[in-house]
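Quick notes on the structure that follows.
The values are calculated or read from the model by the stated rules, or taken from the named source; none is laboratory data. Keep in mind that what you see is a predicted model, and the values were worked out from it rather than measured. Backbone-built Cβ (ideal geometry, glycine too); neighbour counts: all protein chains shown. Surface accessibility is based on the protein's heavy atoms, side chains included, excluding ligands, DNA and RNA. Shrake-Rupley method; radii C 1.70, N 1.55, O 1.52, S 1.80 Å.
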Amino acid sequence: MNSAIPFSAQLINLFAAVILLLAFAMLAQRRVLALINLFALQGLTLCLATLVAAVTTGQSHLYYSAGLTLTLKVLVLPWILHRLVRKLNVKGEVEALINIPTTMLAGIVLVMIAFNVALPISELSHTITRGTLGIALAVVMLAFLMMITRQKAITQVVGFLSMENGLFLAATSATYGMPMVVELGIALDVLVGVIILGVFFFQIRDQFDSLDIHHMERLKDN
Amino acid sequence: MDFFVLMLAIPLVSGALLTVVGERAWAPNLNIIASLGTFLAAVGLTVEIVANGPRFAFGEQFFIDSLNVFFVALTAFVGLTTSIFSGPYMKNEAEHGRLTMPRLRLYKSMYQLFMFTMLAALTTNNLGILWVAMEAATLTTVLLVSLYRTPASLEAAWKYFILCGVGIAQALFGTILLYFAAERVLGESGNALLWTHLIDVKGQLEPNIMALSFIFLLVGYGTKVGLAPLHNWLPDAHAEGPTPVSAVLSGLLLNVALYAILRCKVLADGAIPGAFAGKLMMGFGLFTLLVAAFFLSRQKDVKRMFAYSSIEHMGLITFAFGMGGPVANFAGLLHMTMHSLTKSAIFFAVGHATQKTGTQLMENIRGLIRINPLIGWGLMLGTLAILGMPPFGVFASEFMILTHAMKHYPWATPVLLLGLGVAFAAIFGKVQPMVFGETEAKRLPHAPAITPVFLHLGIVLMLGLYIPPYLTRWFHEAARMLG
């Protein structure tokens, strides 16, 4: 069976697996700066996977998609986040609500669920990258888990962006990417979103003297 | 000049312009004039669509038919009245020292950009662009929710951003799956996300993928509609943001998100046998209605309470569209219109009331009818209207939804009646002492804009008594499109 899979598909599967590993690494990472670097690395791997798919299939818009991922998720966003961390003086460890081993176990369960959900769909796909659909869904779910279990506002944003990575991987693996105009729009939204969040972080810090979101638990229904 | 291009260009250009000149004394007027221009363009577009039928714009990227032109007209109208209302309201806020000039500039500029994103979301033919515009609508309003920079407003904005961000990410996954299903039929052209192409081949779309896709889309866009259990951001954002923002969030953004679900539902219905999408929406709708109704009685903050009332009505509308068929769709569309107009009118009245009394806590708001009879009556009539009292239009649409449910889904009727009854008791019991009762509040420096309140309530009253035949035709056609 393995011999039937072409080399490029194996390469893409490898990259997808690396993305999933990085998602787990992010889940386990305690330091904010290291977390941002891991996110950049994940973006780079996604870019490589897209590039391989582009070379194999000759779909020109995948090259643009890869370029977009490279500029936005490997260079611009990590740079903005690094600056934010420096300017805001976010120090010390990321505090998790649940301890890390438990989070990892929950992550494993999520991966199994993701694979089960994606299995019937990826069988219908005819793209060379279809095997990665389950991985993409797993990355989305792991990012979601990270957002739930982390306390710092910046970590939640990195989780959000990592979720976007998973979604792009899903788009590439199931369909060779969305139409160009849509991908550009999504990229613009993500960029504007991060910039707005940057502004927002300063507002939060000015009010609470901290970026820890457990200060923000006052609004409740009594 | 093309009305459609004008309608999108006016808010976009004036939004950009207001970032530059937003601190001038005449900037609030520019905001109103731009909204008026958008509204007139929307009216022109509506007349054109009614006369000539559906049309495309910018190639096939935008598509206006009788369904979305109806939302476009409604959005532009409430956008206009809210901008009129916000003029004196924001001046009073600035005078109370709650807002500075740069924040007022931010408000006006973002308000116009928000209108642009909603109109773009309503008119686009591309489901990917629809997603992009919905996300952009969140982004433009995040900083508006935190406009006061109080701890509570920052918390509300953060919750809004993260919850809607996660929700909208689910919707993107749904869109990717939809594209995946469509690509198998339509091929790898850019057309596979165009709604007009999808609708032609909806019967050939792979049902399993479509089912999964619709679940993700419903959960994703449903977060923005405020469907329980993903509604947590909504009361916070409505209560902590400035009142004009609450009015447009409640009256317009929820509608636009629901519109996105409706477009997807039409496709899902065509692909999946057994009314799967409809049942899902009915379930979500009923659950939302009940959750919101029971939370209503626990509220102390007046804007929070009416935010829960919005969730309740969104649940009811989702249920109506879930039932499907011409009658229920007609009722759903009518209820969306009524809810938009009534709820924004209520928020206008509540905004002035909270400004007069200096608090949002209901136990401290008393005797509005003495402070300003118009505001008092506006709030009272608005509340009666939203609670579904005849002769207001909400009664007509709720009555249609109820009777349709009795006929086809009798098991749902007790749940509906329970939800509506609990909501009635909760809201009426709290609004009544606010309007009548003793007080000693002082006058505001800027006279409030009362006209929008009574304009909205007047239309709701008129539609309750008499729906003009062209409007009926229009609703029928839109309802038929929804299947």
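Taking only C-alpha pairs under 8 Å that are 6+ residues apart, what is the relative contact order of chain B in percent? Mind dumping the intermediate values first?
Details: 814 pairs, mean separation 72.5, N = 483.
It comes to 15 percent, rounded to a whole number.
Helix B:207-225 versus the longest principal axis of chain B: what is the Cα-based angle in degrees, 0 to 90, to the nearest 10?
Between the helix axis and the principal axis of chain B, the angle is about 10 degrees.
If each DSSP helix of 4+ residues adds -39,500 (n - 2.57) and the sum is divided by the residues in chain B, what number results at 222 nm, nearest 500 deg cm²/dmol?
-26000 deg cm²/dmol
To the nearest whole number, what is the average tally of beta carbon atoms from other chains within 10 Å of the beta carbons of peptide A:132-139?
That average works out to 1.
How large is the Kirkwood hydrodynamic radius of the stretch A:2-221, counting all unique pairs of alpha carbons, in Å?
Computed over Cα pairs of the stretch A:2-221, the Kirkwood hydrodynamic radius comes out at 17.9 Å.
Any idea how far apart A:Ile80 and B:Leu465 come out in nm if each label point goes 7 Å out from Cα toward Cβ?
With each label placed 7 Å out from Cα toward Cβ, I get 5.3 nm.
Could you tell me which trypsin sites (Lys or Arg not before Pro) in the stretch B:295-347 are loop residues by DSSP with no more than 12 other beta carbons within 10 angstrom of their beta carbon? Please list the in-between numbers first.
Numbers: sites: B:Arg298, B:Lys300, B:Lys303, B:Arg304, B:Lys343; in loops: B:Arg298, B:Lys300.
Those satisfying the criteria are B:Arg298.
Quick one: which residues, 5+ away or cross-chain, put their amide H under 5 Å from the amide H of A:Arg31? H built at 1.01 Å from N.
For A:Arg31, whose amide H was placed from the backbone, the distant partners under 5 Å are A:Val94.
Starting from a Cα-only point model with no solvent, please compute log10 I(q)/I(0) by Debye for the stretch B:382-428 at q = 0.18, 0.26 1/Å.
With one equal scatterer per Cα and no solvent, log10 I(q)/I(0) is -0.54, -0.95.
May I ask for the angle, rounded to the nearest 10°, between helix B:151-186 and the longest principal axis of chain B, with both axes built from Cα atoms and the value confined to 0 to 90°?
Once rounded, one gets 10 degrees.
Tally up the carbon and sulfur contribution to the accessible surface of the protein assembly as shown as a whole percent, 1.4 Å probe, everything protein left in place. Mind dumping the intermediate values first?
Details: 16350 of 24330 Å².
Of all accessible area on the protein assembly as shown, carbon and sulfur atoms account for 67 percent.
Inverting the mean 1/r over all pairs of different Cα atoms, compute the Kirkwood radius of the stretch B:28-109 and quote it in Å.
14.4
Just checking the output field for B:175-186: average partner chain Cβ neighbours within 10 Å of each residue's Cβ?
5
With contacts defined as alpha carbon pairs under 8 Å and 6 or more residues apart, what's the relative contact order of chain A in percent? Write out the running numbers ahead of the final one.
On the way: 269 pairs, mean separation 50.7, N = 222.
With pairs under 8 Å counted, the relative contact order is 23 percent.
Under the Karplus relation 6.51 cos²θ - 1.76 cosθ + 1.60, θ = phi - 60°, what is the ordered set of whole-Hz ³J(HN,Hα) values for the stretch B:116-127, x standing for Gly and Pro?
Values per residue, Gly and Pro as x: 4, 5, 5, 5, 5, 4, 6, 9, 6, 9, 9, 5 Hz.
Report, in deg cm²/dmol and to the nearest 500, the calculated mean residue ellipticity at 222 nm for chain A, where each DSSP H run with n ≥ 4 adds -39500 (n - 2.57) and the sum is divided by the residue count.
Here the helix-only value at 222 nm equals -25500 deg cm²/dmol.
In degrees from 0 to 90, rounded to the nearest 10, what is the angle of the helix B:27-52 Cα long axis to the longest principal axis of chain B?
30
Give me the Debye-computed log₁₀ of I(q)/I(0) at q = 0.08 Å⁻¹ for chain B, equal point scatterers on Cα only, no solvent, two decimals.
The calculated log intensity ratios at q = 0.08 Å⁻¹ are -0.43.
Restricting the calculation to Cα positions, tell me the Rg (one decimal) and the Dmax (whole number) of the protein assembly as shown in Å.
For the protein assembly as shown, the Cα radius of gyration and maximum Cα-Cα distance read 24.8, 85 Å.
List the accessible area buried at the contact between A and B, summed over both sides and calculated with a 1.4 Å probe, in Å² to the nearest 100.
Result for this pair: about 4400 Å² buried.
Note down the accessible area of A:Tyr63, probe 1.4 Å, to the nearest 10 Å².
Only protein atoms counted, so the area is about 110 Å².
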